[in-house]
1. Has segment 681-690 got at least one residue that is aliphatic (A, V, I, L, M), touching a strand residue (DSSP E or B) at 6+ places or on another chain (Cβ under 6 Å) and free of Cβ contacts under 8 Å to residues at least 40 places away in the same chain?
2. Might you check whether a residue that is of a type outside the set (A, V, I, L, M, F, W, C), modelled with pLDDT of 95 or more, buried (at least 22 other Cβ atoms within 10 Å of the Cβ) and more than 19 Å from His581 (Cβ to Cβ) occurs anywhere in segment 661-669?
3. Could you figure out which of (1) more than 13 Å from Tyr366 (Cα to Cα); (2) in contact (Cβ under 8 Å) with a residue 60 or more places away in the chain isn't true of Ala625?
4. Suppose we filter Val185, Val149, Val247 for residues that are at pLDDT 90 or above, over 25 Å from Glu88 (Cβ atoms) and among the β-branched types (Val, Ile, Thr); which single one remains?
5. Return yes or no: is Ala405 surrounded by 18 or more Cβ atoms within 10 Å (Cβ to Cβ) and out of contact with any Cys (no Cβ under 7 Å at 6 or more places or on another chain)?
6. Does Gln134 satisfy the condition of being in the same structural domain as Arg190 (by TED's automatic domain parsing), within 30 Å of Arg697 (Cα to Cα) and free of Cβ contacts under 8 Å to residues at least 24 places away in the same chain?
7. Give the residue that is farthest from Ala256 (Cα to Cα), with candidates limited to residues of segment 695-735 that are surrounded by fewer than 19 Cβ atoms within 10 Å (Cβ to Cβ) and in contact with a strand residue (DSSP E or B) (Cβ under 9 Å, 6 or more places away or on another chain).
Amino acid sequence: MQSKQSAQGKQGALVAALAALTAALTAALAAAPAARAEELSYDLLHNLPHAHRHAGGALIDLNDLSAVKHLRDYPRRWVYGVAVDGGEGAVPLSVQADMWVNVDEQMAKRDLAVSTLLRPAFDKQVMDVFVGGQKLANHNFSAAAWQVVSVPVPKGSLKPGLTQLRFHFRTSKKLIKEGVEGPAVFSAVRLARADAPPLPDSPQALTALWPRAAAGALGLPKKMGLDYYVVVPEGGALSLQVREGKVNVWAQADGAPARLVKANVSGEATLPLKDWAGAPARLMVRSPSGKAVITRAAVSGAALFEGRAPKEALRAPKYVVFWLIDTLRADKLPFYETPNTNGRPKVKTPHLAALAAEGTVFEPFYVQGNESKASHASLFTSVYPIRHGVYTHEANLPKPLLTIAELLKERGYFTGGYVSNGYVSDKWQFDQGFMQFENFIRENKANNAQAIVRSAAAFIKEKKGAPFYLYLGTSDPHVTYRAHKDLIGTYDVGPAYKGRYEKNISGEELAKVKEAKSPPSERDRKRIEALYENEIAYNDKHFGALVKLLKAEGIYDETMIIVSADHGEEFWEHSSCGHGHNVYEELISVPLVVRWPAGFPAGRFEAGAEGVDLLPTLMEVFGGAFPAGAAQQGRSLLPQLRAKGGYPQARMASHLGKDRFGFAVGSAKLVFKGRAALEAYDLKADRGELKDVSATRPVLTLSVLDPMTVYLTRPKTWSKERWGAPNALKEGFPRAFPKAWRRAPKPGR
């Protein structure tokens, strides 16, 4: 049996190691030098909330923001910063506390132990411990005091991958006078080797070990370190500066063993990551022989813009035309490289393709909702749906939010809008900033692209000479889908169709099809999708007429043209049709093309962009700054177009603002429906999102789950301009939990 003195010595060594590691982790956020403005990189020091602490295994500090990725705490079920008996921790708001950690193949082959430092809410509390779905212990507490409970996990009882830890209690009780009620206060949890030194058994020691003070660099104690789950860009490399000691760097892809990238790195070094390029990887930084101090660590790759450099300096256009195509999914267009999800040929859109050849094509590009109101609101205002709240029938676009039309009106542009979407109307306050505005449905006018262009022509001829902004909201690919005699034959091939959808399918009919217990016949499905595709071609035809008009009026080269969409449409890729119900690619991945050579060079931007980025981009084009207190959450895309280094940026969408999230980085995609209801997809191999790999590919899953859980701590206040994308945090990201997370959520949340 191990002597008490030996055990205390090991505990002391662990205490000292944890102290150095954690102090450096939290301090480095404030002290690390900022990346250069022209770089787009993943800075390991700035992204410490994403880091997984390695101390003989997975270590969770419940007092640190990094804990949320292990708890998947959305909607909130924990209260943080709860102080009891001189210690501090987090309280689960139910008798069941769930956490998730990654178990690699090496760990799965060892004898392990799960340990937790906690204080039960009362003496004689009872706790059952489950690991990987297996009940391993029943623990009876004898006192309501801080203590460590450790339970052995026999070798071979866990499979590699994301493993659930569950602590189930008999009941809850009020813990502090302020009224937080729960079964226990957790301060730390660890799943590690059975022979690892024990956790410290007092919260006072942990509080002393993990100060939140600046240290100026990232320190790694001996044989300890950090894991980051990143998406390595093409040409990716890790740039390191080790001021003291040495570090080993390992990398691991799903389904492969960890491989040593380089051992005993000291001073400055650049480590190529070509073997993991274009895919998610687990990046492991370890100190093999004593303390190491890192002052710089960043992953970057080749620039994510492919094309020619701009021929002229950025300047504002005299005219702006925004052509929005309602219900247009990106994969239908020939100039988008992703194949049509269901294998059908691309739609012939020569006029849109000609514009794309002259402008910047953003691929991939996500809108923030899967239906009109939410997505339009985010496109217009640079605010996520969870903040603007425009995802119910009754909700209005909040007047305090700055819109694109208001931005340009304030800069002397005459603002006009012609819209064929019934929701984008004055009834819901979408006319903000427009000096002239018509909604064709609300005014019982023809609402196809031909009618829109007719009105646009009159506007352009009348207003040209002075600056104007013209928003044209077309809706041809939105139901009703109508057959056009000169187009439908291109898309509905084979035997002549004589069914009920020969001429069209209305919104009411599509709704009935969507609600039916079984889908229509294969022939009807092909006809319905062909009608949709022929409407895209019809829209392109009249977009060509608009371009011809701008050229005839002599203002084409003075006009910035923006083409985008508010959402896509499903055709039974996921057992349904229409839109407004999921966050798969067919509904949220849409086109964005900007033609304005003075700032938007011809080419393809592949870093990842969102609808909320449009308004900040225009703000930079037209000069000035957002008003004090403005709520924009996106950031300008122009610095990213000019970036010398590249790193993929997260893109997000939601269903009903906060009910369901789609989150992607590069080709890694997460569909998040709740803590235990998530799906992960590899879009490179599975564009149709048919094979959920969340249970088999932990590296891919964590590369998107980690940043999404960090985003969800601040969804209403997130600022990409100040904090960066959720997957590539900037230096200024707050280190502490939001104040709201230190209080119990309101009933019903």
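1. Initially, segment 681-690 is screened for residues aliphatic (A, V, I, L, M), giving 683, 685, 690.
Retained after the next criterion (residues that are touching a strand residue (DSSP E or B) at 6+ places or on another chain (Cβ under 6 Å)): 683.
Add one more test, that the residue is free of Cβ contacts under 8 Å to residues at least 40 places away in the same chain, and what stays is none.
There is no residue in segment 681-690 that is aliphatic (A, V, I, L, M), touching a strand residue (DSSP E or B) at 6+ places or on another chain (Cβ under 6 Å) and free of Cβ contacts under 8 Å to residues at least 40 places away in the same chain.
2. yes
3. Answer for Ala625: the failing condition is (2).
4. Working: Val185 fails: over 25 Å from Glu88 (Cβ atoms); Val149 fails: over 25 Å from Glu88 (Cβ atoms).
So the residue among Val185, Val149, Val247 that is at pLDDT 90 or above, over 25 Å from Glu88 (Cβ atoms) and among the β-branched types (Val, Ile, Thr) is Val247.
5. Working: surrounded by 18 or more Cβ atoms within 10 Å (Cβ to Cβ): yes; out of contact with any Cys (no Cβ under 7 Å at 6 or more places or on another chain): yes.
Yes.
6. For Gln134, the condition - in the same structural domain as Arg190 (by TED's automatic domain parsing), within 30 Å of Arg697 (Cα to Cα) and free of Cβ contacts under 8 Å to residues at least 24 places away in the same chain - is met.
7. Applying the filter and picking the extreme gives Gly732.
Residues are listed down the side, and each one gets a yes or a no for (1) within 27 Å of Val547 (Cβ to Cβ); (2) surrounded by fewer than 24 Cβ atoms within 10 Å (Cβ to Cβ); (3) under 24 Å from the mean Cα position of the chain (by Cα):
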| position | (1), (2), (3) |
| --- | --- |
| Glu610 | yes, no, yes |
| Gln632 | no, yes, yes |
| Lys644 | no, yes, yes |
| Pro648 | no, no, yes |
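The values are calculated or read from the model by the stated rules, or taken from the named source; none is laboratory data. The structure displayed is predicted, hence computed values, not measured ones. Positions of Cβ are backbone-derived with ideal geometry, glycine not excepted, and every protein chain shown enters the neighbour counts.
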